[in-house]
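Asker: Sharing a structure, written as structure tokens. Questions coming.
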Amino acid sequence: MCSMRVKRVSFSSRRACRDAFDWAYTLEDIGYTGWEVVQEGDQCLNQDNIDLVSDIHDTTDLELSLHLPFSDMNMASLNPGIHHEILRQMTDYLELASDLVELAVVHPGYLSPYGAQVPDRAWEQNVRSLQQLSDIAEEYGILLTVENMPDLALVFGRTPEEIMELINDVGRENIKMTLDVGHANTMGLVDEFMATCKDHISHIHIHDNHGTKDEHLPLGQGNIDWKHVFGELYHYTGTFVTEMADPKEGAQCIEYLKEI
């Protein structure tokens, strides 16, 4: 049981899993109420494993969400063939998971070498991509949430102002924000994100770092003031997702949450 301020806590694994999903049956025993399925590597949903994931959904009380793929996936790609394939895969995953999840997380795009020469065109492509995905997600009853990014050059969505501009430019009711507190900390903008974006936050990722790079440490092992963060987010009733390497680190997060 977590603290009174954190009731819904989901687990997301960042590590490629050879025995994909077997560990998901242990999450409730650790103290988790949900699982965020990450569309990367061996964890990626496909026709061969969808029955196993459906069984986890049906035989546990875990609330499932979906993190759309991000490796090699640039929503702002100006290469027509590559861009078409990215949206095709994203669409297929939304359809595949439509009976299991009601929320999906997506990363904004970034400037390729060509995109950096024409950043306005890349931004417009990013907006069009999110509009299309938002519309498709809505057809399946899935809320699309765009995530703020860490301090990496050429990536869209690193500041609260840019995330809000992106959401406003997309102009869809079915797009909200995933606040990644660890990412915000690498920018030194945790308080600014919570203040500026509070009315649009529908999902939150939590992991720790020391403010200089995206370390994804268990809670309490970096310099983020979690008591302050949870106090500022008192109005939030959605899920907090720990993004850890494995359930062992996830258990450390649950123990930390019990103490605050």
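The values are calculated or read from the model by the stated rules, or taken from the named source; none is laboratory data. Note that the coordinates shown come from a computational prediction; the quantities given were computed from them, not determined experimentally. All Cβ positions, glycine included, derive from the backbone under ideal geometry; neighbour counts span all protein chains shown. In case anyone asks, the SASA skips ligands and DNA or RNA and just uses the protein heavy atoms, side chains included. Shrake-Rupley method; radii C 1.70, N 1.55, O 1.52, S 1.80 Å.
Asker: Under 8 Å for C-alpha pairs, at least 6 residues apart: give me the relative contact order for the chain, rounded to a whole percent. Don't skip to the answer; put the middle values down first.
Answerer: Working: 507 pairs, mean separation 52.1, N = 260.
Once divided by the residue count of the chain, the mean separation gives 20 percent.
Asker: Short version: ³J(HN,Hα) in whole Hz for each residue of region 225-239, in order, from phi by Karplus 6.51 cos²θ - 1.76 cosθ + 1.60 (θ = phi - 60°), x for Gly and Pro, what are they?
Answerer: Along region 225-239, the couplings run 8, 5, 4, 5, 4, 5, x, 5, 9, 4, 7, 7, 10, x, 8 Hz.
Asker: DSSP loop GluC sites (Glu not before Pro) in region 12-106 with at most 13 other Cβ atoms within 10 Å of their Cβ, which ones? Walk me through the numbers before you get to the answer.
Answerer: On the way: sites: GLU28, GLU36, GLU40, GLU63, GLU85, GLU95, GLU102; in loops: GLU40, GLU102.
For GluC sites (Glu not before Pro) across region 12-106 that sit outside H, G, I, E and B with at most 13 neighbouring Cβ atoms in 10 Å, the list is empty.
Asker: On to the next question. Antiparallel versus total DSSP beta bridges in the chain: what percent is that, nearest 5? Could the numbers behind the result be given before it?
Answerer: Details: 2 of 31 bridges.
About 5 percent, rounded to the nearest 5.
Asker: Using label points projected 7 Å from each Cα along Cα→Cβ, tell me how many nm separate ASP92 and THR237, to one decimal.
Answerer: 3.8 nm
Asker: For region 97-186, state which chymotrypsin sites (Phe, Trp or Tyr not before Pro) are in a DSSP loop and have at most 12 other beta carbons lying within 10 Å of their beta carbon.
Answerer: Details: sites: TYR110, TYR114, TRP123, TYR140, PHE156; in loops: TYR114, TYR140, PHE156.
Taking region 97-186 and a limit of 12 other Cβ atoms within 10 Å, the loop chymotrypsin sites (Phe, Trp or Tyr not before Pro) found are TYR114.
Asker: Residue by residue through region 140-146, what is 3J(HN,Hα) from phi via Karplus (6.51 cos²θ - 1.76 cosθ + 1.60, θ = phi - 60°)? Round to whole Hz and write x for glycine and proline.
Answerer: 9, x, 10, 7, 9, 10, 8
Asker: Stretch ASP169-ILE82 to full length: gain in nm at 0.36 nm per residue minus the Cα-Cα span? Could the numbers behind the result be given before it?
Answerer: Values: separation 87, 0.36 × 87 = 31.32 nm, distance 2.30 nm.
Full extension of this stretch gives 29.0 nm more.
Asker: Just how large is the dipole of the chain about the Cα centre, in debye to the nearest 20, putting +1 at every Lys and Arg Cβ and -1 at every Asp and Glu Cβ? Numbers along the way, then the final one.
Answerer: Working: 17 positive and 45 negative charges, 119 e Å.
The calculated dipole for the chain is roughly 580 debye.
Asker: How big is the convex hull of the Cα atoms of region 1-156, per residue, in Å³?
Answerer: Details: hull volume 20.3 nm³, N = 156.
Enclosed volume per residue, from the Cα hull, is 130 Å³.
Asker: When the accessible area of the chain is computed with all protein chains present and a 1.4 Å probe, what percentage of it is carbon and sulfur? Each step should come with its number before you reach the end.
Answerer: Details: 5470 of 11730 Å².
Of the solvent-accessible surface of the chain, carbon and sulfur hold 47 percent.
Asker: On to the next question. Starting from the Cα-Cα distance between GLN117 and TYR25, subtract it from 0.36 nm times their residue separation and give me the gain in nm to one decimal.
Answerer: Value of the extension gain: 28.3 nm.
Asker: Pick out which of HIS67, HIS203, HIS228 has the largest mean-square fluctuation in a Gaussian network model of the chain, springs linking Cα atoms closer than 10 Å.
Answerer: Of HIS67, HIS203, HIS228, the most mobile in the Gaussian network model is HIS228.
Asker: Could you report region 11-118's accessible area per residue, 1.4 Å probe, as an integer in Å²? Show your work: numbers first, answer last.
Answerer: Details: 5100 Å² over 108 residues.
Each residue of region 11-118 exposes 47 Å² on average to a 1.4 Å probe.
Asker: What nm distance separates the two modelled labels at GLN47 and GLU139, each placed 7 Å from Cα along Cα→Cβ?
Answerer: The two pseudo-label positions are separated by 1.9 nm.
Asker: Looking at region 171-260, which chymotrypsin sites (Phe, Trp or Tyr not before Pro) are DSSP coil and have at most 15 other C-beta atoms within 10 Å of their C-beta? The partial results should precede the final answer.
Answerer: Details: sites: PHE193, TRP226, PHE230, TYR234, TYR236, PHE240, TYR256; in loops: TYR234, TYR236.
Hits after loop and neighbour filter: TYR234.
Asker: Let me ask something else. Considering the dipole of region 78-213 built from charges on the beta carbon (Lys and Arg +1, Asp and Glu -1) around the Cα centre, which of VAL170, GLN131, HIS183 is farthest to its positive end?
Answerer: HIS183
Asker: How high is the relative contact order of region 71-153, in percent, counting Cα pairs under 8 Å that sit 6 or more residues apart?
Answerer: Worked out over region 71-153, it gives 41 percent.
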